[in-house]
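Comments concern the structure below.
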Amino acid sequence: MSTWANLGLQDSASPLMEQLIFFHDHALLILVMITVLVGYLMFMLFFNSYINRFLLHGQLIEMIWTILPAIILLFIALPSLRLLYLLDEINEPSVTLKSIGHQWYWSYEYSDFNNVEFDSYMIPTNELANDGFRLLDVDNRIVLPMNSQIRILVTAADVIHSWTVPALGVKVDGTPGRLNQTNFFINRPGLFYGQCSEICGANHSFMPIVIESVPVNYFIKWISNNVNS
Ligand code: CUA
C-alpha cells in the first residue's frame, strides 16, 4: 500500500503492473531527454543576436523538427499499444469475482461457488483496531488465491464507481447497466489496498477495497467455509 513517503508507484503485485511500471519509466526517460534539449535551446536563446542577414528560410531544420518528434512519438505509441492489448487479454481465469459499486460501499459475489456474496464497508475511524489503516480497512475483505488467473467483473447499482487497485494495475469503471471485465494475476501473498476512483457522491472517499492474497489451499478452505450448502 501507499504510505506518506511513497510519491511514486506502489510495488507491483502482478505481471501487468510490472509492465505498466516499465512503460512509465520508459516514457519518463523520453520526457527527461526532451525537457533537457528544449531547456538547453531556450537557455541559448539569451545569447542570440536579433539580426541575421542571410536568414530567409530553413528547409532542413523545418524537416528535422517535424519528423523527429513524430519518430519520438512512435517510440511511445508502439509500446503503449502493446500494453493496451496485453491488459485486455483474458487467460482462462480460474476464479471470477464480481464487484458491485454502491453509494457508498462495494459488494462482492463469487459466482463460481454456491452464492458466496457479501458487502464490504470501510471501518469508521472510531471503530478502528490499533493496527488498522484509517480510511482504508474494510470489515469484509476479498480473499483471492495467488498465482492464479482471476477475472473481475465490475458493475454498479446506483451511480458510476471505479474499482481501482494500484498494486495490481487494475482500474475498471462500475457503470449501472453495464458489466465490465478485466483480469489479473497476483504473484505474491499480502494485503492490497484500493479505493473508488470515480467521483460518486458525498462519501466517494470512503469506499476502499482490500484484497487478501493467499495460497490456493487457504483460499479453498476460506471459500468452503463460506458457501451456502
Ligand atoms: Cu464510488 Cu467514488
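Of all the residues in the stretch 186-198, those that are within 16 Å of the ligand (Cβ to nearest atom) and in a strand (DSSP E or B) number 4. Flag set for residue 14, criterion: touching a strand residue (DSSP E or B) at 6+ places or on another chain (Cβ under 6 Å), under 21 Å from residue 194 (Cα atoms) and open to solvent by less than 100 Å² (accessible area, probe 1.4 Å). Under the condition of being more than 10 Å from the ligand (Cβ to nearest atom), assigned to a helix (DSSP H, G or I) and in contact (Cβ under 8 Å) with a residue 60 or more places away in the chain, the residues counted in the stretch 199-217 number 1.
The values are calculated or read from the model by the stated rules, or taken from the named source; none is laboratory data. Because the structure is predicted, anything quoted here is derived from the model rather than measured. Virtual Cβ from ideal backbone geometry, glycine too; neighbours counted across all protein chains shown. Quick note on the areas: whole protein, heavy atoms, side chains included, nothing else; ligands and nucleic acids left out. Shrake-Rupley method; radii C 1.70, N 1.55, O 1.52, S 1.80 Å.
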